[in-house]
Amino acid sequence: MFRLVVCAFVLGTACKGDHPPPAPARVTGPAGPTISASVDPCAKAAQEGPLAWIADDYPDAVACATKRHVPLVLDLWAPWCHTCLSMQTTVFMDPSFAADNARFVFAKLDTDRPEAAGPMEKLAISAWPTFYVIGSDGAVLARFVGAASLAQFHEFLEAGLAATKGGADAASAHLLSAERALAVKDLATAETELTAGLAAAPATWPRRPELLNSLVLTELKQSNYAACMAITTKYLDQLGDAAVTSDFLVTGTTCADADTRSEPAAKAEVKALREAAIKRWKRLLDESKQLSVDDRSDAMASLRETTEKLGDKGEAKTIALAQRGLLDDAAAKAPTPLAAMTYNWPRAEVYTYLGVPLELVPALEKSAADLPKEYDPRARLGWIYLQAKDYANAAKWTDQAIAMVYGPRKGRVLTLRADIAAAQHDRATEVKLREQAVALFEGLPRGQQAPESLDKARAALDQARGPAAGSGSASGSAPR
């Protein structure tokens, strides 16, 4: 699941089609309508479990879908995203997807690669992974953010097919309009459509949890923290037992963290929301049979963080120990090195939380050896050694990662390496690395630009150049 934030709260009279929906978001290739250069664009599909995927070639994926007269399913992912890896190595391996090869073309884009920049300029990504169903005319037919259960992903696919036929029920029509608005970052329209969709949706509607999650996430993105908290409090018991429930709680508690109101009533509201979220996470973990190991670990980490914010450090440590055991067992049983890599980041984070980061070094070194072309295990080793204040090894492993990483992620790894230099009081190296990070973020194509990352990189560079620079910090920035 994704651990981030989102959306909106309007419980007045819902709008039921009394205004035109936003124009469908449409995606074309970098230079207009996509025409594949391949003789057979479908030939690039490679079988991975029950599904055949076209990787990092959006023009051929569109051309294949056009040739076959079926919708395109797009997975926007990244190698550093443990939820992305979990979806690919668990959910998508289920045999029930085999029949969907005839109904869709499946494509995945590593969002850090240059091939992804064009589509990402047209399709907003709120969190990793984000999935789209796209029609033959380039219109968005369905959208799903974060970890989906097996049943939810099948529902997502069916929603995409249904949108090609028209005549959707009111809730589905509003959700589709919201998804199209979100694809082009029109948050105000998305909020209106999601609110109307919620009013129209029956309590048993299978996509109701998706809609609620998009609504709170939209409120978060608009800094509507009080509304976000109100939605979370009202609906936290109505989302079922899939990963989307934990995502919803993460968004709500993130809004609580961001709420700057100081009056006693507001503080009491924040405290009450955290307490309610803790109870809901515990029930989710106790009762859900839909959570993957990655989903369960994320829920445990969020539960632990919220528990600690309420002052119960002992309980938080107990949760962390259980999370570490869960992840260690899953990594040991992973069928492939790539599947095991799914757990590198959450293991690094929880081992560091427990104060024993170096105990994970052998496992990360094995991951690096098993995956000689993957930068991520090396970046995790660099971060682990930074937490342990072993700066020589931190620099060694991070330098290896820098030589392999690409795209926006390279800026994050350069920042990690600059943090190591700062901790070593090597101001010249720190400034050089921060300059490289700024240059990289400035040079990204529009679809991959990250304004917040660029702003942070510029601020860090200004600080490194200043008279007080060089003191460093062993905490560093985590290359999530």
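Bear in mind these aren't lab numbers, they're just calculated from the coordinates by the rules spelled out. Because the structure is a prediction, the values reported are computed rather than measured. Using ideal geometry, Cβ is built from the backbone for each residue, glycine included, and neighbour counts are taken over all protein chains shown.
Can you give the percent of C-alpha pairs in segment 127-232 whose distance is more than 25 Å? Mind showing how you got there, number by number?
Numbers: 700 of 5565 pairs.
Counting every Cα pair in segment 127-232, those more than 25 Å apart make up 13 percent.
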Return the distance in nm (one decimal) between the two label points of a simple spin-label model at Asp257 and Ala450, each offset 7 Å from Cα along Cα→Cβ.
-> 1.7 nm
With a point put 7 Å past each Cα toward its Cβ, work out how far Glu121 is from Ala203 in nm, to one decimal.
-> 4.8 nm
Apply the Karplus parameterisation 6.51 cos²θ - 1.76 cosθ + 1.60, with θ equal to phi minus 60°, to every residue of segment 277-284 and state each ³J(HN,Hα) to the nearest whole Hz, in sequence, with x for glycine and proline.
-> 5, 4, 4, 5, 4, 4, 5, 4
Which listed residue (Gly197, Thr89, Gly411) has the Cα farthest towards the positive end of the charge dipole for the chain, taking +1 on Lys and Arg C-beta and -1 on Asp and Glu C-beta about the Cα centre?
-> Gly411
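I need the shape label for segment 181-289. Rule: rounded when a/c is under 1.5, else prolate if a/b > b/c, else oblate, with a, b, c from the alpha carbon gyration tensor. Show your work: numbers first, answer last.
Values: a/c = 1.96, a/b = 1.07, b/c = 1.83.
In terms of gyration-tensor shape, oblate.
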Packing rank of 85-91, 409-415, 247-253, 102-108, where each peptide gets the mean count of other beta carbons within 10 Å, highest leading = 247-253, 409-415, 85-91, 102-108
What distance in nm separates the simple spin-label points at Lys309 and Ser223, each placed 7 Å from Cα in the Cβ direction?
-> 1.9 nm
Segment 281-392: translational diffusion in µm²/s, Stokes-Einstein, Kirkwood Rh over Cα pairs, 20 °C, 1.002 mPa s | 146 µm²/s
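Kindly provide the helix-only [θ] at 222 nm of the chain, computed as the sum of -39,500 (n - 2.57) over DSSP H runs of four or more divided by all residues, to the nearest 500 deg cm²/dmol? Display every interim value, and only then the final one.
Working: 20 runs with 271 residues, N = 480.
Estimated from H runs of four or more residues: -18000 deg cm²/dmol.
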Under 24 Å from the Cα of Lys271 - lysines, other chains or at least 8 residues apart = Lys221, Lys234, Lys279, Lys282, Lys309, Lys313, Lys317
Under 28 Å Cα-Cα from Lys373, which lysines qualify once same-chain neighbours fewer than 8 residues away are excluded?
-> Lys44, Lys108, Lys333, Lys389, Lys396, Lys410, Lys432
Which log10 I(q)/I(0) values, to two decimals, does the chain give at q = 0.12, 0.14 Å⁻¹ under the Debye formula with one point per Cα?
-> -1.15, -1.54
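Largest first and in whole Å, what are the equivalent-ellipsoid semi-axes of segment 240-283 based on the Cα gyration tensor, each being the root of 5 times an eigenvalue? Write down the numbers at each step before the final one.
Details: eigenvalues 99, 24, 5 Å².
The three semi-axes for segment 240-283 are 22, 11, 5 Å.
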How large is ³J(HN,Hα), in whole Hz, for each residue of segment 179-196 in order, when computed from phi with the Karplus curve 6.51 cos²θ - 1.76 cosθ + 1.60 and θ = phi - 60°, using x for Gly and Pro?
-> 4, 5, 5, 5, 4, 10, 6, 8, 5, 5, 5, 4, 4, 4, 5, 5, 5, 5
By the gyration tensor of its Cα atoms, with a ≥ b ≥ c the square roots of the eigenvalues, what is the shape of segment 154-204: rounded for a/c under 1.5, prolate for a/b over b/c, or oblate?
-> oblate
Estimate the FRET efficiency between Lys432 and Ala170 by the formula 1/(1 + (r/R0)^6), using the beta-carbon distance for r and 45 Å for R0, to the nearest 0.05.
-> 0.20
About its Cα centre, what dipole magnitude does the chain give when the only charges are +1 on Lys and Arg Cβ and -1 on Asp and Glu Cβ, stated in debye to the nearest 20?
-> 460 debye
For segment 161-178, Karplus-derived ³J(HN,Hα) couplings (6.51, -1.76, 1.60; θ = phi - 60°; whole Hz; x for glycine and proline) come out as 5, 4, 5, 6, 9, x, x, 6, 5, 4, 4, 5, 5, 5, 5, 4, 4, 5
Checked segment 354-432 against the a/c 1.5 cut and the a/b vs b/c comparison, axes a ≥ b ≥ c from its Cα gyration tensor; verdict oblate
Which residues' amide hydrogens lie under 5 Å from the amide hydrogen of Asp112, considering only partners 5 or more residues apart or on another chain, with H built in the peptide plane?
-> none
